[in-house]
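Visitor: The structure follows.
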């Protein structure tokens, strides 16, 4: 059974509605005050508009040093509950049959709660290295907060020996994940009455051509690779998932907008993938469109992205987590986390946290009490190893 303190912390964290469209400041300030009351130095690193904040806190080593050590990384935002049929209040922690239900219990307030609950124990340990908390905002909408925090830490000269991102992995170490890149494409044609098609330029039809080209690229990756068989989907994927356009059935649409994403294997250049899409537009699609309407244009906007992550087996953090969990299986996942951002900043990173990703983002999200206990045991051993 996990400690009552972990359950209490999770109840508090779930009670804050930190859906990404809302501010997370009420949660962050609560954590700041709780840590400060225990003598832990805390830094808030706010979003550019000040509406949200990261939190970076350091539990110094026994000699007072704050450089090096391990960071426990977690995002404080959660996905919406809109349109989901919950059997309990998603923002009130509910225990049923050894499971704790609530939005964010699995993804990923359970990990944060376990870490915060153990702070008194961490402080009492004679650690030779510091332990850090790195809590971010807006991971669920494109990993927007972590880069702001990492930039500030770099400016301050803060050094970290490693990072553990506590996304739900059932407490099994994950050493790699794909990158995610989300783009919006907007096509501007020319409206006309649908009986006078030569006078217009149909933005939806040209969007359809581009969407089919994206699908052709996806099919090529599936058929020809490159492959990495450690992933459940062992190749780079591309999908178009949203589209809008047109105002009436008898009007040629002058505008169409769609969003697509691709999830690239580690080692594949996402800029190169996007360049292929844009090359098709510039060399083939837009010239055809401008034969109908000289002022036609096609625009791309990057909506979100997180780099791929691939941890070398020889890295100390990887070996440490495998030793502490007793699990040396090589696991790679298709979903993205902030791990790639930490790795990109030169910080060796592993993903390992309580709960199963299959239980995240859906109605009746939960984390098992047994998973929280495993997380506590792992974090205790981690801190004792420092």
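The values are calculated or read from the model by the stated rules, or taken from the named source; none is laboratory data. None of the values given here were measured: they were computed from a predicted structure. For neighbour counting, all protein chains shown are included, and Cβ atoms are generated from backbone atoms with ideal geometry for every residue, glycine included.
Visitor: Please specify each residue of the range 163-182 satisfying the condition of being assigned to a strand (DSSP E or B) and surrounded by 20 or more Cβ atoms within 10 Å (Cβ to Cβ). Walk me through it before giving the result.
Guide: Applying the first criterion (assigned to a strand (DSSP E or B)) to the range 163-182 yields 163-165, 174, 176-177, 179-182.
Across the range 163-182, the qualifying residues are 163, 164, 165, 174, 176, 177, 179, 180, 181.
Visitor: Looking only at the range 27-49, how many residues end up being within 16 Å of residue 135 (Cα to Cα) and in a loop (DSSP other than H, G, I, E, B)? Even if it seems obvious, please write down each step before you answer.
Guide: Step one: of the range 27-49, the residues within 16 Å of residue 135 (Cα to Cα) are 27-36, 40-47.
Checking which are in a loop (DSSP other than H, G, I, E, B) leaves us with 40-41, 47.
Count: 3.
Visitor: For the structure I just gave you, tell me whether residue 140 is more than 25 Å from residue 316 (Cα to Cα) and not in a helix (DSSP H, G or I). Talk me through it step by step, then tell me what you get.
Guide: Numbers: more than 25 Å from residue 316 (Cα to Cα): yes; not in a helix (DSSP H, G or I): yes.
Answer is yes for this residue.
Visitor: Give me the pairs, please: first residue somewhere in the range 39-64 and closer than 15 Å to residue 26 by Cα, second residue anywhere and exposed (fewer than 12 other Cβ atoms within 10 Å of the Cβ) and modelled with pLDDT under 95, beta-carbon distance under 8 Å, and either six or more positions apart or on two chains.
Guide: none
Visitor: Kindly establish whether residue 323 is over 30 Å from residue 11 (Cα atoms), under 16 Å from the mean Cα position of the chain (by Cα) and either part of a helix (DSSP H, G or I) or at pLDDT below 95 (or both).
Guide: Working: over 30 Å from residue 11 (Cα atoms): yes; under 16 Å from the mean Cα position of the chain (by Cα): no; either part of a helix (DSSP H, G or I) or at pLDDT below 95 (or both): yes.
Answer is no for this residue.
Visitor: Restricting to the range 283-324, what's the tally of residues that are surrounded by fewer than 12 Cβ atoms within 10 Å (Cβ to Cβ), out of contact with any strand residue (DSSP E or B) (no Cβ under 7 Å at 6 or more places or on another chain) and farther than 25 Å from residue 170 by Cβ?
Guide: 5
Visitor: Filter the range 291-307 down to residues that are out of contact with any helix residue (DSSP H, G or I) (no Cβ under 6 Å at 6 or more places or on another chain) and assigned to a strand (DSSP E or B), then give me how many there are. Reasoning before the result, please.
Guide: Of the residues in the range 291-307, the ones out of contact with any helix residue (DSSP H, G or I) (no Cβ under 6 Å at 6 or more places or on another chain) are 291-295, 297, 299-305.
Narrowing further to those that are assigned to a strand (DSSP E or B): 297, 299-305.
Qualifying residue count for the region: 8.
Visitor: Further question on the same structure: Out of all the residues in the range 1-22, which are farther than 27 Å from residue 144 by Cα and either at pLDDT 95 or above or surrounded by fewer than 21 Cβ atoms within 10 Å (Cβ to Cβ) (or both)? Steps first, please.
Guide: If we filter the range 1-22 for residues that are farther than 27 Å from residue 144 by Cα, which is where we start, we get 1-8.
1, 3, 4, 5, 6, 7, 8 - these are the residues of the range 1-22 that are farther than 27 Å from residue 144 by Cα and either at pLDDT 95 or above or surrounded by fewer than 21 Cβ atoms within 10 Å (Cβ to Cβ) (or both).
Visitor: Tell me, please, whether a residue that is closer than 25 Å to residue 339 by Cα and either free of Cβ contacts under 8 Å to residues at least 40 places away in the same chain or surrounded by fewer than 19 Cβ atoms within 10 Å (Cβ to Cβ) (or both) can be found in the range 199-216.
Guide: Looking only at the range 199-216, we keep the residues that are closer than 25 Å to residue 339 by Cα, and these are none.
There is no residue in the range 199-216 that is closer than 25 Å to residue 339 by Cα and either free of Cβ contacts under 8 Å to residues at least 40 places away in the same chain or surrounded by fewer than 19 Cβ atoms within 10 Å (Cβ to Cβ) (or both).
Visitor: With respect to residue 328, determine if the residue is part of a loop (DSSP other than H, G, I, E, B), surrounded by fewer than 18 Cβ atoms within 10 Å (Cβ to Cβ) and over 20 Å from the mean Cα position of the chain (by Cα). Spell out the reasoning first.
Guide: Working: part of a loop (DSSP other than H, G, I, E, B): yes; surrounded by fewer than 18 Cβ atoms within 10 Å (Cβ to Cβ): yes; over 20 Å from the mean Cα position of the chain (by Cα): yes.
It is true that residue 328 is part of a loop (DSSP other than H, G, I, E, B), surrounded by fewer than 18 Cβ atoms within 10 Å (Cβ to Cβ) and over 20 Å from the mean Cα position of the chain (by Cα).
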